[in-house]
Amino acid sequence: MRSDFPNLAKVMIDETHSVARRSWVASANGHADFPIQNLPLGVFTPGRDAARGGVAIGDEILDLAAAVDLGLFDAQAAPAAEAASGTTLNPLFALGRGARVALRRRLSEILDADGPARARIEGLRARLLHRAADCRLELPAAVGDYTDFFAGIHHATNAGRLFRPDNPLLPNYKYVPIGYHGRASSIRPSGADLRRPNGQHKGATETAPSFGPSRSLDYELELGVWIGPGNELGTPIPIAEAGDHVAGFCLLNDWSARDIQGWEYQPLGPFLGKSFFTTISPWVVTPEALAPFRSAQASRPAGDPPPLPYLFDAADQAGGALDIELEVVLLTAGLAAKRLPPQRLSLGNAHHLYWTVAQLIAHHSSGGCNLRAGDLFGTGTISTPTDEGLGSLLEISAGGRRPLTLTSGETRRFLEDGDTVIMRARCRRDGFAGIGFGECRGTIAPAL
Ligand code: CA
């Protein structure tokens, strides 16, 4: 094994990342999201059977419960495989990095076209594999707590500028990884139905608020971070150990009702404008799969304060950023009627985050708050410094003042009923197989 980042001894590149490795599952080879180098974990329901853990491989899902029953795991990988074979991945997340790495190496061997027992394993294909199209993807974990951060500095600046043109970032922004406690109960996997929320809103020209369907429903493009194993109450996680508590990543759409949010958010922050629904991509892309796509955290601009010592770690600065391309596309009734493809709204990258994931974890636990396996973080909306990668319609339409004209001729300030928002993420690097996250998709149904 070798590491491309000597300062990050724990982020290892090994044979599972080899671009030469191919799978006997033919659809995996060259697959945009799920080649054998990815091996994301999830929970799925095949037909009428019970939900169980699985691994995305090409257009199919490897059934971990079946693989455990067939005795395919050695002593090192078996505990992780068993922990990942039930109705949630919380037990796997609780085991931490070592177990997860052992599972990845064995899964890669099982699915390898040149693996030592290919003929025997491929002979079990009918029991091991399900067509993904025939399965329903579930939430991968029972989310105990969900915290949403605000680490996308270009989004924070763009959103702040709408309210404070001369002073968009508040004075704490470059010192504190700002966040709030979100609602775990309304998190759903990609494709789940989303209803436009009702709530209180008060337009600029209205003298009193009214209650009714949100008039400015928006999306927020974020990266989700799955937590595991977590810390004891009262015992903070030092930043140098924060990476040990990342179980994986997903895409996260923090649906936002801007009018409800605008009327309610002072003085205690986001509440019903956010809590009605959050969509995530259901596959958990592991830190190991992302190892080739880490990069140095961008230097802070001259004049910015350095992170306080509890938020600074040299190895984290050297390799703690993630080079993940992020895309948002919109499908509307007008585009579908004219047989036009979904329209791209933005193309950005997760390396624009001002705070690293390790900094978010160190900060969250710094006061003693305990993180638990299966907790979920949102990074905050990720936007680019320029207009091609704005992570919300709030930014694209300048708070609704600059409507967007679609190729169908329709216009959008915010989302309309029937609109579908699809988020995708891709990683590419020369010398490595590209991987993706799968979709994070939601369609808006009319308000009750
Ligand atoms: Ca958010």
Item checked: Alpha-carbon centroid distance for the pair segment 274-307 / segment 318-357, whole angstrom -> 14 Å
Checklist line | Residue-wise HN-Hα coupling along segment 377-390, computed from phi with Karplus coefficients 6.51, -1.76, 1.60 (Hz; x: Gly, Pro) | finding: 10, x, 6, x, 4, 9, 10, 8, x, 10, 6, 6, x, 7
Next item on the list: Starting from the eigenvalues of the Cα gyration tensor, five times each then square-rooted, give me the equivalent ellipsoid semi-axes of the chain, largest first, whole Å.
Entry: 36, 26, 20
Note to self: Over the chain, with a Gaussian network built from C-alpha contacts below 10 Å, which listed residue (VAL68, VAL246, VAL421) shows the highest mean-square fluctuation?
What the structure shows: VAL68
Next item on the list: Neighbouring Cβ atoms within 10 Å as the yardstick, rank VAL225, VAL55, VAL176, VAL101 fewest first.
Entry: VAL176, VAL101, VAL225, VAL55
Margin query: Give the aspartates and glutamates whose C-alpha is closer than 12 Å to that of LYS274, dropping any in the same chain fewer than 8 places away, or say none.
Written below: ASP148, ASP218, GLU220, ASP254, ASP259, GLU264
Note to self: Only bridges whose two residues both fall in the chain count here: according to DSSP, what percent of them are antiparallel, nearest 5?
What the structure shows: 90 percent
Item checked: All aspartates and glutamates inside 16 Å of LYS338 as judged from Cα atoms, apart from same-chain residues fewer than 8 positions distant -> GLU410, ASP419
Next item on the list: Please report, in debye to the nearest 20, how large the charge dipole of segment 292-404 is about its Cα centre when each Lys and Arg carries +1 at its beta carbon and each Asp and Glu carries -1 there.
Entry: 460 debye
Notebook entry, point to check: With θ set to phi - 60° and the Karplus curve 6.51 cos²θ - 1.76 cosθ + 1.60, what are the ³J(HN,Hα) couplings of segment 28-33 in order, to the nearest whole Hz, using x for Gly and Pro?
Noted result: 6, 6, x, 5, 5, 9
Item checked: Rel. contact order, % - alpha carbon contacts under 8 angstrom, at least six apart, the chain -> 21 percent
Next item on the list: Note down the net charge around PHE271, summing +1 for each Lys or Arg and -1 for each Asp or Glu among other residues with Cβ under 14 Å from its Cβ.
Entry: -1
Check: When SER85, SER185 are ordered from fewest to most other Cβ atoms inside 10 Å of their Cβ, what list results?
Finding: SER185, SER85
Next item on the list: Could you tell me the distance between the Cα centroids of segment 204-238 and segment 380-428, to the nearest Å?
Entry: 18 Å
Next item on the list: Could you run the Karplus curve 6.51 cos²θ - 1.76 cosθ + 1.60 with θ = phi - 60° over segment 129-146 and give me ³J(HN,Hα) per residue in whole Hz, x for Gly and Pro?
Entry: 10, 10, 5, 4, 5, 8, 10, 9, 8, 9, 4, x, 8, 7, 7, x, 9, 10
Next item on the list: Please arrange LEU393, LEU326 by counting, for each residue, the other beta carbons lying within 10 Å of its beta carbon, fewest first.
Entry: LEU326, LEU393
Notebook entry, point to check: Out of ILE227, ILE178, ILE187, any idea which swings most in a Gaussian network model of the chain, alpha carbons joined below 10 Å?
Noted result: ILE178
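Just so you know, all these numbers are worked out from the coordinates, no wet-lab data involved. Values in this document were obtained by computation on a predicted structure and should not be read as measured data. Counting neighbours? That spans all protein chains shown, and the Cβs are built from the backbone with ideal geometry, glycine included.
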